[in-house]
Amino acid sequence: MTNKILIVAGDGIGPEVMGQVERVIGWYSDKRGFDVEIDRDLVGGCCYDAHGVAVTDATIEKALAADAVFLGAVGGPKWDNVPYEGRPEAGLLRLRKDLELFANLRPALCFGALADASSLKREIVEGLDIMIVRELTGGVYFGEPKIIEDLGNGERRGIDTQVYTTSEIRRIASVAFELARKRDNRVMSVEKRNVMKSGVLWYEEVIKLHKEQYSDVKLEHMLADNCAMQLVRNPKQFDVIVTDNLFGDVLSDIASMLTGSLGMLPSASLGAKDASGKAKAMYEPVHGSAPDIAGTGAANPIASVLSFAMALRYTFDRGACSDLLEKAVDSVLANGLRTGDIMQAGMKKVGTVEMGDAILAELNRLNG
Ligand code: IPM
Ligand code: MG
């Protein structure tokens, strides 16, 4: 069966990093019999420029029909003044929502060679392996009302709505529990039940589900602000962290710096499994479009390449191929190659394409 991939490279450094992912996909198709059909389309600011919207209905249809969507990055100062509904991020959010990708997996793994590239001390981050499970289609990102209203007298009021239901909490918590069982079997559930009703509900529902179905997994709870602090104080205490959309956005950016750079962090956004066991999926680096370095060939493609490794594992059921790719990235780093974002004294600074070359060379070497 041919695997169908839709690539939406997006804006800024998106096309540059996705270019390297395409080379890696090509390698797997040549060398590992990964049968693939690639389609390419627009999302984000580039789509707004072409069509006046951040994603078109036709692209959503293609995304729904694909086995996996690969997204580079969206946004940039060029679109600062477009209408709110047309802003580049709206394209990404609509893809997440329409594909019902409620589970966002953001692993933070510190490669040994990069332990000194982190802003934290080596001993704090060396060997780090945590998985942030972020709820992705609910919460304050999508809750209604979401408006700015005029109160008169020159006074305005901005409203966003944080809202979660039992089923939304249960389905994301089960993803976290299932993942934990394949790891160190520990889940940290994160909310702010000391201030938020949705946090109280989150806490109660997670406990209930745990009692009913996952009592073999160790469950603990942490307030989100404390979790942010603990992530920089002693990140290795965590195994799986499960949290809502907004806290997950913030905590995963913090976690990225533990790994050396935002340019290292991949992510998978998954939907529910259908009757045949397949789930809709989108893979994207956690980093943004980095307009400051876009077009200079300096971007780090590793987060995107590692996102493809996640796709090999979670969508295409090719664990060994995924391991191989992660190993290739590990060796490239061990050999001293660095893009600007992870550059350290004594290492060799390379650009996006050279990093891609090196990963392919390592794949060839490891493949024998
Ligand atoms: C992320 C990004 C997005 C988010 C933006 C681009 C809308 O920060 O994927 O973490 O807030 O979810
Ligand atoms: Mg973010």
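Points to keep in mind about this one:
- Sparse-neighbour loop sites [trypsin sites (Lys or Arg not before Pro); the range 265-353; at most 16 other C-beta within 10 Å; DSSP]: Lys278
- Computed [θ] at 222 nm, deg cm²/dmol, the chain (DSSP H ≥ 4; -39,500 (n - 2.57); rounded to nearest 500): -13000 deg cm²/dmol
- Dipole magnitude for the range 174-231: computed about the Cα centre from +1 point charges on Lys and Arg Cβ and -1 point charges on Asp and Glu Cβ, it is near 40 debye.
- Test item: Cα-centred dipole of the range 129-258, Lys/Arg +1 and Asp/Glu -1 on Cβ, debye: 400 debye
- Here the scattering of the range 129-258 is modelled by Debye summation over its C-alpha atoms, one equal scatterer each and no solvent; at q = 0.14, 0.16, 0.20, 0.22 Å⁻¹ the log10 of I(q)/I(0) is -0.61, -0.77, -1.12, -1.31.
- Judged by the mean number of other Cβ atoms found within 10 Å, the most tightly packed of the peptides 287-297, 213-223, 8-18, 133-143 leads the ranking 8-18, 133-143, 287-297, 213-223.
- Estimated FRET transfer efficiency (Asp160, Ala320; beta-carbon r; R0 41 Å; 0.05): 0.40
- The ellipsoid equivalent to the alpha-carbon distribution of the range 226-350 has semi-axes of 25, 21, 15 angstrom, derived from the gyration tensor eigenvalues as √(5λ) and listed largest first.
- Projected onto their three principal axes, the Cα atoms of the range 25-72 cover extents of 41, 18, 12 Å, largest first.
- Per-residue 3J(HN,Hα) values for the range 94-99, derived from phi via the Karplus relation 6.51 cos²θ - 1.76 cosθ + 1.60 with θ = phi - 60°, read 5, 4, 4, 6, 5, 8 Hz in sequence order (x marks Gly and Pro).
- Candidates Gly297, Val353, Gln237 compared by Cα position along the dipole of the chain: farthest toward the positive end lies Gln237, with charges placed on Cβ.
- When peptides 194-200, 234-240 are ranked by their average number of other Cβ atoms within 10 Å per residue, the highest-first order is 234-240, 194-200.
- Charge context of Thr56, other residues only, Cβ under 14 angstrom, K/R +1, D/E -1: -4
- Between Ala50 and Arg181, full extension at 0.36 nm per residue minus the direct alpha carbon distance yields a gain of 42.6 nm.
- Pairs from Lys146/Lys280; Lys4/Lys327; Lys121/Lys349; Lys211/Lys273; Lys4/Lys278; Lys218/Lys273 whose Cα-Cα separation, in the structure shown, is over 18 Å: Lys146/Lys280; Lys4/Lys327; Lys121/Lys349; Lys211/Lys273; Lys218/Lys273
- Put simply, when 255-263, 161-169, 105-113, 303-311 are sorted by average Cβ atoms within 10 angstrom per residue, most first, you get 303-311, 255-263, 105-113, 161-169.
- Taking the 1.4 Å solvent-accessible surface of the range 129-258 as the whole, the part contributed by carbon and sulfur is 51%.
- Rounded to 0.05, the FRET efficiency of the Asp57 and Asp30 pair, given R0 = 35 Å and the Cβ-Cβ distance, is 0.50.
- Think of a 1.4 Å ball rolled over the protein heavy atoms: the chain then has 43 Å² of accessible area per residue.
- Inter-centroid distance (Cα atoms) of the range 241-295 relative to the range 130-165, Å: 20 Å
- Lys, Arg +1 and Asp, Glu -1 on Cβ, resulting dipole of the chain about Cα centre, debye, nearest 20: 860 debye
- The residue among Thr339, Asn153, Ile132 whose Cα reaches farthest toward the positive pole of the charge dipole of the chain, with charges on the beta-carbon of Lys, Arg, Asp and Glu, is Ile132.
- Cα-Cα pairs of the chain separated by more than 35 Å (percent): 23 percent
- Extension gain for Asp150 to Ser215 (0.36 nm times residue separation, less C-alpha to C-alpha distance): 18.4 nm.
- Selected from Asn364, Gly143, Gly86, residue furthest toward positive end of dipole (the chain; charges at beta carbon): Asn364
- Rounded to 0.05, the FRET efficiency of the Leu64 and Ser167 pair, given R0 = 22 Å and the Cβ-Cβ distance, is 0.50.
- Derived value for the range 283-351: Kirkwood hydrodynamic radius 13.2 Å. Basis is the mean of 1/r over every pair of different alpha-carbon atoms.
The values are calculated or read from the model by the stated rules, or taken from the named source; none is laboratory data. None of these values were measured; they are calculated from a predicted model. Don't worry about glycine lacking a Cβ; one is built from the backbone with ideal geometry, like all the others, and counts go over all protein chains shown. The protein model used for the area step is the full one, side chains on, heavy atoms only, and it has no ligands, DNA or RNA in it. Shrake-Rupley method; radii C 1.70, N 1.55, O 1.52, S 1.80 Å.
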